[in-house]
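Derivation of every value follows stated rules applied to the coordinates shown; laboratory data play no part. From a predicted model like this one, the values you see are computed outputs, not experimental measurements. Heads up, the Cβs are rebuilt from the backbone with ideal geometry, glycines too, and the neighbour counts pull from every protein chain shown.
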């Protein structure tokens with residue numbers, strides 16, 4: 001038995017092409033198909049027409065938010081799985097996703113969004129940073145992987161319990177509905193404002209992940225051996241935690257919780273890169289962006305009365321697919 | 001001149017004294033055997049010398065400078081550490097795993113160059129792994145895994161190799177191969193500290209032995225001085241005729257006369 005992999009450049013090119021195609025489709029199709037040329041012309045005109053406004057104010061932010069959020073989820077999923085050497089790790093494991101949800105829900109609960117709409121995603125990003133910092137402090141400086149995971153589970157449970165408390169105490173059924181629907185995860189309310197709010201955290205997070213491939217490769221040999229090969233483990237963890245808090249926090253703050261992308265995408269692509277952590281990163285980012293764009297496109301095109309939330313769709317399709325991967329993998333490595 | 005020196009090293013873990021005032025010197029070109037019963041503190045001593053654990057007292061010096069003052073990268077280029085337990089978390093290929101040993105010599109974003117690839121190729125050949133290079137690690141046997149991890153440590157081309165039971169999982173012929181290979185590297189200047197349980201193998205290949213017992217050095221020096229009946233009785237609680245230890249029982253059959261020619 002030997003390892004067969006697709007060449008990295010070929011894989012990146014294929015995924016890049018797929019992403020470009022999905023981005024184009026995402027701009028063209030929705031509740032109403034728009035002719036691109038006409039819409040472009042209109043959006044560039046001095047007084048943009050309806051089509052132009054749909055393109056630049058609705059479709060473009062929605063598509064780009066899907067792209068950035070999906071890429072962050074895929075990328076950080078790959079990072080967390082490699083850092084913790086656990087294929088079941090998700091980007092939200094260390095508190096970023098639930099913290100972001102709690103921050104955003106708190107903003108909704110206290111009606112801060114009525115004062116200024118961007119307070120919702122800003123609260124989310126703040127929540128993600130706070131929850132991740134809490135996991136970091138709870139686990140301690142030289143925590144084992146198990147301690148980190150347990151601290152993550154504890155903080156996640158606490159954040160979810162706090163969200164339940166806010167739902168419980170919500171002043172009106174409308175507030176409950178607003179919070180519950182936001183939690184499901186959707187790109188339907190994407191605006192250019194939201195795009196600008198998520199962009200700095202997302203890009204800063206990605207930047208922090210630059211050059212993290214080598215140490216993640218070395219971690220394949222275990223933490224002690226990687227240290228003997230020159231990896232500063234505490235510093236690496238700190239950097240990757242902050243990056244995940246920023247990137248995933250920014251994504252969740254704007255879109256709500258979108259499950260399974262960060263878990264499934266790295267899992268699916270790992271065999272194609274020979275299980276090598278450093279090669280998984282860029283590939284998972286592209287894969288995550290493709291998957292979220294495709295899921296959002298599907299949500300828009302499904303002929304149903306109430307538009308499905310994209311978070312519902314990814315979980316609905318993701319869970320059985322994940323099971324399929326597990327059953328398939330069971331035979332490979334007993 | 002000695003290269004790696006541990007002086008009065010002491011380590012407490014969980015309220016127990018694991019290493020107790022150990023002095024140890026490893027010179028260039030030396031193949032030093034570290035022997036002693038289970039729980040004598042051999043692996044902990046190796047971790048102290050590799051800079052992976054911090055001693056409660058005492059110090060480790062590498063070329064006269066404190067090991068703790070070396071940067072992580074510089075230390076990784078000079079000292080390679082091979083743990084007892086194989087720990088590999090993804091089913092990556094043999095070639096990729098062995099290649100990881102070159103990382104300390106590479107820049108942040110720089111891949112292995114022609115020189116690095118030649119070294120990897122050479123070590124794969126020396127450890128008999130050329131035919132396995134594309135195999136995923138989990139599909140290898142225990143002995144093959146041990147050779148892959150040894151190859152990973154050798155491609156670093158360190159000044160000092162600290163190897164924890166590198167031959168424990170190997171068949172007799174491969175034990176000879178690995179010990180001869182280590183001897184070969186040492187003859188070209190590398191210093192090796194190797195934990196061994198096969199006393200006859202240690203007597204045959206090591207230039208010097210250190211016998212550890214309950215965290216202390218019970219005896220150190222040439223094999224004949226260390227492997228005495230009294231020392232072995234005290235350390236292991238066994239009665240051995242040292243003469244047997246100095247007649248290591250197997251040799252490799254020359255290829256021409258080997259089975260099947």
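Points to keep in mind about this one:
- Alpha-carbon centroids, the range A:6-24 and the range B:216-253: separation in whole Å: 63 Å
- Peptide A:218-224, shielding by other chains (average Cβ, 10 Å cutoff): 6
- Taking the fewest neighbouring Cβ atoms within 10 Å as the starting point, the ordered list for B:236, A:174 is A:174, B:236.
- Helix-derived mean residue ellipticity, 222 nm - over chain A, DSSP H n ≥ 4, -39500 (n - 2.57), to 500: -24000 deg cm²/dmol
- Helical content alone sets the calculated 222 nm signal of chain B at -9500 deg cm²/dmol, taking -39,500 (n - 2.57) per DSSP H segment of four or more residues and averaging over every residue.
- Largest GNM mean-square fluctuation among B:29, B:237, B:189, using chain B with Cα springs under 10 Å: B:237.
- For B:71-77, mean number of other protein chain Cβ atoms within 10 Å: 4
- Selected from A:42, A:32, A:305 as most flexible by GNM, with chain A as the system and alpha-carbon contacts under 10 Å: A:305
- Choice from A:324, A:68, A:241 showing the highest fluctuation, given a GNM over chain A with Cα pairs closer than 10 Å: A:324
- Förster radius 51 Å - calculated FRET efficiency between residue A:47 and residue B:69, Cβ distance, rounded to 0.05: 0.15
- Remark: mean inter-chain Cβ contacts per residue of B:92-103 equal 4, using a 10 Å Cβ-Cβ cutoff to other protein chain atoms.
- Spin-label model, residue A:301/residue B:197: points 7 Å from Cα along the beta carbon direction are separated by 6.2 nm.
- Efficiency of FRET between residue A:189 and residue B:13 - r from beta-carbon atoms, R0 60 angstrom, step 0.05: 0.60
- Fraction of antiparallel bridges per DSSP, the protein assembly as shown only, in percent to nearest 5: 55 percent
- Full-stretch length increase - residue A:21, residue A:177 - with 0.36 nm per residue and alpha-carbon distance subtracted: 52.6 nm
- Cα long-axis angle, helix A:96-109 against chain A (0 to 90 degrees, to the nearest 10): 30 degrees
- Footprinting exposure proxy ranking of A:76, B:186, fewest other C-beta atoms within 10 angstrom first, gives B:186, A:76.
- Whole-angstrom gap from the range A:40-92 to the range B:26-100, using each part's C-alpha centre: 46 Å
- Put in order of Cβ neighbour count within 10 Å, fewest first, the listed residues A:24, B:201 become A:24, B:201.
- Ranked from largest, the principal axis spans of the Cα set of the protein assembly as shown equal 97, 56, 41 Å.
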